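Participant: Structure incoming, see below.
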Amino acid sequence: MENQQIIEVIEAFFQRKKEPGIEKIVKEAVKICGEKIAKSSESQDVKDQAKALLDSKKTKKQSALDNIQEKYMQLLNLSYQNPVFLSDVKSDTAKSILALDEKFSPNHWLADASNKASGVVLDVTHISKLTHSSAKASNFNALVFGTQQPKTLLITANFTGKIPIDFAYSTAEYAPIAEFLQLDCAGQMLGKILCNNPAALKPFAQDDAQLLQWQEQFNLAFNEKNKSSHILVKQVYFPLTSATDYHLLTPLTSSSLAQIIYDRIWEARRKDTPVNKARAEKTFSSEVVRSFHRTAVLKATQTNHQNVSNLNGKRSGQLILLPAIPPQWQTQTKPPIHLKTLFNKQLATQAKEPLTELKNLLLAIKANKLSVNLQRKQLIRRHLIEIADVVFDYAAQIQGLKQHTSWSQASQLPAHQQYWLDPLRQDEEFQTAKATLDWTSDVVVDFSKWINRHIKHKQLTLGAAHEKQWQKLFTPLLREFNALAEADLEIGAVEKQA
């Protein structure tokens, strides 16, 4: 990139930095002008014109700065009988803008920024303050060490895609310096260009000596002189076979890798992606749904997240942790041979949450003397469906015990529950009774009594009326479940014959 293009990028940066300050100064001047005009002895016509200017809105094409500057000039140029009362406003505004120009004069700003450049760390992947916000250890870029590690390791250097690079600064006042050194110059970072070619800053330097000084100081933002660890990064070295071999038990956190994980997980969880919309609407999509279960969030910082690093600011101080726990013990479903009923305490424990919600809803309705309107009926129905889902899930597991054919012959369950839970039992007498008897109504009654037992409360009077309500809601759900189970059996039989 030619020096002239670099100069234009730098000048545009200074202009952007000045604009908010100019806007603030002029906005304050406009406010003071409005107050002075309102209190002055000028004609009512002039005061009305000033008020109209102050109340006017900017056009869509105008920037906020252009709009406030235009208002300011128009206020100063109204036909005043005695304009001297605004002279102090004009003088103070001019002085403030002059001071701002001096602050952002390239030579002054670059000299100050170069002196503070050592407080900025650019082009790094690992941030020490992610371990502890008061750690004073060095940050570093793992990519400079190459990719010699085994590819089975999940480390930053092994990532094959584009790696987000982080930067940090010791205090927030150094943020503009980091922004300046990272300006994009045709795909190259300005800071790296200046480290190799300081001549790009020649128009802004007093002499060559200052130019070389800037180069040396800006280089510190990319190459820290003395790299060191710190007690708060908790790096424990475990010795191996030789004096030079060790395991680092607590390595520095890779902000780059953390950002990749963060972006992928939140992208997968976005509700507005086509695949997630299709899933929510239960429609087909050729895309693959990606889910990340049992994640945890570690808050690396509570406030001022960007003071630790730029990427930490983008993550709002969050590090998303993936589960790294041993396999969970899976209980094997066994036939309920020794149970006297399916609807017992163990099943109620599995349905504890929806049962509690239903009980709390009924208590709230009674305590507040509320009528059971359509909305509350829908809430009751929703809770009951959730309870039924737990029952059906367990029932489906028992019905699918193909390795325990005809288990119900040795069961203590009532006959109607055996008909429901053991569809694979082949003896003719059992199947005939199942086909002719109305056993489903008995299952519905068991369900309703079981609910009443497990939502009982001294403030609730639960009786036959409630049981009838649960039966009314559960009957169509059971009918649908049984129809689906029967269809699955038929499909299984056809597949077995094939």
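Participant: Check whether at least one residue in the stretch 467-475 is within 25 Å of Ile385 (Cβ to Cβ) and among the basic types (Lys, Arg), and report yes or no.
Facilitator: The answer is yes, given that some residue of the stretch 467-475 is within 25 Å of Ile385 (Cβ to Cβ) and among the basic types (Lys, Arg).
Participant: When you go through (1) free of Cβ contacts under 8 Å to residues at least 12 places away in the same chain; (2) outside any loop (DSSP other than H, G, I, E, B); (3) out of contact with any Phe, Trp or Tyr (no Cβ under 9 Å at 6 or more places or on another chain) one by one for Phe284, which number turns out not to apply?
Facilitator: (2)
Participant: Could you tell me how many of the residues in the stretch 451-462 are assigned to a loop (DSSP other than H, G, I, E, B) and either touching a Phe, Trp or Tyr at 6+ places or on another chain (Cβ under 7 Å) or more than 23 Å from Pro476 (Cβ to Cβ) (or both)?
Facilitator: Number satisfying all stated conditions: 6.
Participant: A follow-up question, please. Identify all residues within the stretch 116-134 that are in a helix (DSSP H, G or I) and under 20 Å from Met189 (Cα atoms); write none if there are none.
Facilitator: Across the stretch 116-134, the qualifying residues are Lys116, Ala117, Ser118, Gly119.
Participant: Ok, one more. Please work out if Ser87 is within 26 Å of Asn304 (Cβ to Cβ) and either without any contact (Cβ under 8 Å) to a residue 40 or more places away in the chain or outside any helix (DSSP H, G or I) (or both).
Facilitator: no
Participant: From Ser441, Ser448, Ser408, which residue is part of a helix (DSSP H, G or I), under 30 Å from Ala364 (Cα atoms) and in the same structural domain as Leu361 (by TED's automatic domain parsing)?
Facilitator: So the residue among Ser441, Ser448, Ser408 that is part of a helix (DSSP H, G or I), under 30 Å from Ala364 (Cα atoms) and in the same structural domain as Leu361 (by TED's automatic domain parsing) is Ser448.
Participant: Run down Ile265, Ile337 and say which single residue is surrounded by 12 or more Cβ atoms within 10 Å (Cβ to Cβ), under 14 Å from the mean Cα position of the chain (by Cα) and of a type in the set (Val, Ile, Thr).
Facilitator: Ile265
Participant: Going through Lys334, Lys359, Lys340 one at a time, which residue ends up being closer than 30 Å to Ile385 by Cβ, at pLDDT 90 or above, part of a loop (DSSP other than H, G, I, E, B) and not hydrophobic (A, V, I, L, M, F, W, C)?
Facilitator: Lys340
Participant: Same structure again: Give the residues of the stretch 460-488 that are loosely packed, with under 13 Cβ neighbours inside 10 Å and either among the β-branched types (Val, Ile, Thr) or farther than 20 Å from Lys377 by Cα (or both), sorted by residue number.
Facilitator: Thr461, Arg479, Glu480, Ala483, Leu484, Glu486, Ala487 - these are the residues of the stretch 460-488 that are loosely packed, with under 13 Cβ neighbours inside 10 Å and either among the β-branched types (Val, Ile, Thr) or farther than 20 Å from Lys377 by Cα (or both).
Participant: Restricting attention to helices (runs of 4 or more DSSP H) lying wholly within the stretch 135-246, give those where 3 or more residues are surrounded by 14 or more Cβ atoms within 10 Å (Cβ to Cβ), of a type outside the set (A, V, I, L, M, F, W, C) and modelled with pLDDT of 90 or more.
Facilitator: 208-219
Participant: What is the one condition in (1) within 30 Å of the chain's Cα centre (by Cα); (2) surrounded by fewer than 11 Cβ atoms within 10 Å (Cβ to Cβ); (3) at negative phi that Arg294 does not satisfy?
Facilitator: (3)
Participant: If you don't mind, there's one more thing I want to ask. Can you name every residue in the stretch 394-405 that is outside any helix (DSSP H, G or I) and hydrophobic (A, V, I, L, M, F, W, C)?
Facilitator: If the condition is that a residue be outside any helix (DSSP H, G or I) and hydrophobic (A, V, I, L, M, F, W, C), then Leu401 is the only one that fits.
Participant: I would also like to ask the following. Residues being farther than 25 Å from Gln182 by Cβ and of a type in the set (A, V, I, L, M, F, W, C): count how many of those fall in the stretch 220-232.
Facilitator: 2
Participant: All but one of (1) modelled with pLDDT under 90; (2) surrounded by 12 or more Cβ atoms within 10 Å (Cβ to Cβ) hold for Val443; state the number of the condition that does not hold.
Facilitator: Among (1) modelled with pLDDT under 90; (2) surrounded by 12 or more Cβ atoms within 10 Å (Cβ to Cβ), the lone unmet condition for Val443 is (1).
Participant: Then there is this: Could you tell me whether Gln49 is polar (S, T, N, Q) and crowded, with 16+ Cβ neighbours inside 10 Å?
Facilitator: yes
Condition check ((1) modelled with pLDDT of 90 or more; (2) in contact with a Phe, Trp or Tyr (Cβ under 7 Å, 6 or more places away or on another chain)) across all residues:
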| site | (1), (2) |
| --- | --- |
| Phe14 | yes, yes |
| Ile25 | yes, no |
| Thr59 | no, no |
| Ser63 | yes, no |
| Ser91 | yes, no |
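Participant: In this structure, is Thr341 without any contact (Cβ under 8 Å) to a residue 60 or more places away in the chain and of a type in the set (Ser, Thr, Tyr)?
Facilitator: Here the answer is no, as Thr341 does not meet what is asked.
Participant: Considering only residues that are among the aliphatic types (A, V, I, L, M) and not in a helix (DSSP H, G or I), look in the stretch 411-438 and name the one that is nearest to Leu462 (Cα to Cα).
Facilitator: Leu413
Participant: Is it the case that Ser371 is without any contact (Cβ under 8 Å) to a residue 12 or more places away in the chain, within 30 Å of Val124 (Cβ to Cβ) and assigned to a loop (DSSP other than H, G, I, E, B)?
Facilitator: Answer is no for this residue.
Participant: Hey, does the stretch 183-201 have a residue that's basic (Lys, Arg), under 23 Å from Ala135 (Cα atoms) and in contact (Cβ under 8 Å) with a residue 24 or more places away in the chain?
Facilitator: Checked against the condition, which is being basic (Lys, Arg), under 23 Å from Ala135 (Cα atoms) and in contact (Cβ under 8 Å) with a residue 24 or more places away in the chain, the stretch 183-201 yields no hits at all.
The values are calculated or read from the model by the stated rules, or taken from the named source; none is laboratory data. Please read these numbers as outputs of a predicted model, since none were measured by experiment. No Cβ is skipped: glycine too gets one built from the backbone with ideal geometry, and neighbour counts run over all protein chains shown.
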